[in-house]
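Structure first, then comments.
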Amino acid sequence: MITDVHTHIPSHQKKVPDSEIRFDESMQSGSQFKTKLTNSVDDYLSSMENVEFSFIFGIARKPWDAKSEILSAPGWDKKFNHNDIASIVSKLSPKKIVPFMSLHPMDQNLDYEYKRCLNELDIKGIKLGPNYQDFHPHSVEAMNLYSRLENDNVPIIFHQGTSPVTNAPLEYSHPRFIDKIATVFPNLKMILAHLGHPWQEYCMSVVRKHKNVYADLSAQFYRPWSFWQGMNLFSEWGVLDKVFFGSDWPVTTPQQTEEGINNLNLYAKQFNLPKIPDEDLKNILNRNAVKILDIKI
């Protein structure tokens, strides 16, 4: 049964007022789809109804910019930050929803928030988006955080690859930077999001090289040529066994992503492309990332 390793916190705790409904056209650019940015907790629970586990997280803002939120959550009490929200949602289905924190390596309150997340909020992992958060993945502050995470057996999901956000430096989300991190911290478990698109070859190289580095295929299926290229590359190099399922909710749902995976070989057949082994695709749909990452539920 599906483990969705890539879902974002809902923007609203309760039903979204009509006046606050927002859509985005840039995230799925090149496709015919728009992204509904505003969603309730009930919307989230409904979307995750048929998955076994889902990882949920926000993205910590830049400490020097109070307005630098990505996928903001205006429909929550202001006393809650993104880590609180992930924890609150997880408690509605504690055997299914796995909360991840997000921190900024340069935040002066990092130590307090880190301990609060692990000891009070029962957080199981961390999401980092160096491009969105504007920190170099090899900065001293970031490397100190990785050391702490490795010591505490806390897995990381890294945003990797492109983004339509203008002030998010693409350089910081390039998969080539993960190689050094994995070399210095070989026991640190990492998931590289989105197959590192459009740099799938770099992502594959790092995943293949390092035992504890994995990838997720979120935000792929609605660009079928790019999706097929990435999956074919991972298949040719024998590393599809290290690919996790991810939907990138609310950008897409697990159901839409599953359908996209199941349609991948129909696309290949239509354009006379090599087939991705059906067994490998089935294994991605059934891969238990919770067990592989040694997360205690």
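Here are the numbers for this structure:
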quantity: Residue selected from the stretch 178-199 under the condition in a helix (DSSP H, G or I) and out of contact with any helix residue (DSSP H, G or I) (no Cβ under 8 Å at 6 or more places or on another chain), by the criterion nearest to TYR267 (Cα to Cα); calculated: HIS194
quantity: Residues being part of a loop (DSSP other than H, G, I, E, B) and either within 19 Å of GLU201 (Cβ to Cβ) or of a type outside the set (Ser, Thr, Tyr) (or both) - total across the stretch 241-259; calculated: 5
quantity: Which listed residue is part of a loop (DSSP other than H, G, I, E, B) and over 24 Å from SER47 (Cβ atoms), from GLY238, GLY161; calculated: GLY238
quantity: Complete set of residues in the stretch 94-111 that are among the aliphatic types (A, V, I, L, M) and out of contact with any Leu (no Cβ under 9 Å at 6 or more places or on another chain); calculated: VAL98, MET106
quantity: Residue within the stretch 200-210 that is touching a helix residue (DSSP H, G or I) at 6+ places or on another chain (Cβ under 8 Å), surrounded by fewer than 22 Cβ atoms within 10 Å (Cβ to Cβ), outside any helix (DSSP H, G or I) and without any contact (Cβ under 8 Å) to a residue 60 or more places away in the chain present; calculated: yes
quantity: Contacts under 6 angstrom Cβ, first residue in the stretch 274-297 being closer than 19 Å to ASN262 by Cβ, partner modelled with pLDDT under 95 and surrounded by 13 or more Cβ atoms within 10 Å (Cβ to Cβ), 6 or more apart; calculated: none
quantity: Matching residues in the stretch 274-296 - criterion: being surrounded by 12 or more Cβ atoms within 10 Å (Cβ to Cβ) and assigned to a loop (DSSP other than H, G, I, E, B); calculated: LYS275, ILE276, PRO277, ARG287, ASN288, LEU293, ILE295
quantity: Close pairs (6 angstrom Cβ cut-off, 6 or more residues apart or separate chains): touching a residue at least 60 places away in the same chain (Cβ under 8 Å) and buried (at least 21 other Cβ atoms within 10 Å of the Cβ) in the stretch 87-101, of a type in the set (D, E, K, R) and not in a strand (DSSP E or B) anywhere; calculated: VAL98/LYS124
quantity: Subset tally (residues that are touching a residue at least 60 places away in the same chain (Cβ under 8 Å) and assigned to a loop (DSSP other than H, G, I, E, B)) for the stretch 70-82; calculated: 7
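Residue-wise test of (1) β-branched (Val, Ile, Thr); (2) part of a helix (DSSP H, G or I); (3) touching a Gly at 6+ places or on another chain (Cβ under 7 Å).
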| position | (1), (2), (3) |
| --- | --- |
| ILE59 | yes, no, yes |
| TRP64 | no, no, no |
| ASP84 | no, yes, no |
| ILE88 | yes, yes, no |
| ASP107 | no, no, no |
| ASP111 | no, yes, no |
| ARG116 | no, yes, no |
| LEU121 | no, no, no |
| ASN153 | no, no, no |
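The values are calculated or read from the model by the stated rules, or taken from the named source; none is laboratory data. Source: prediction; values computed, not measured. Ideal geometry is used to build each Cβ from the backbone, glycine not excepted, and the neighbour counts take in all protein chains shown.
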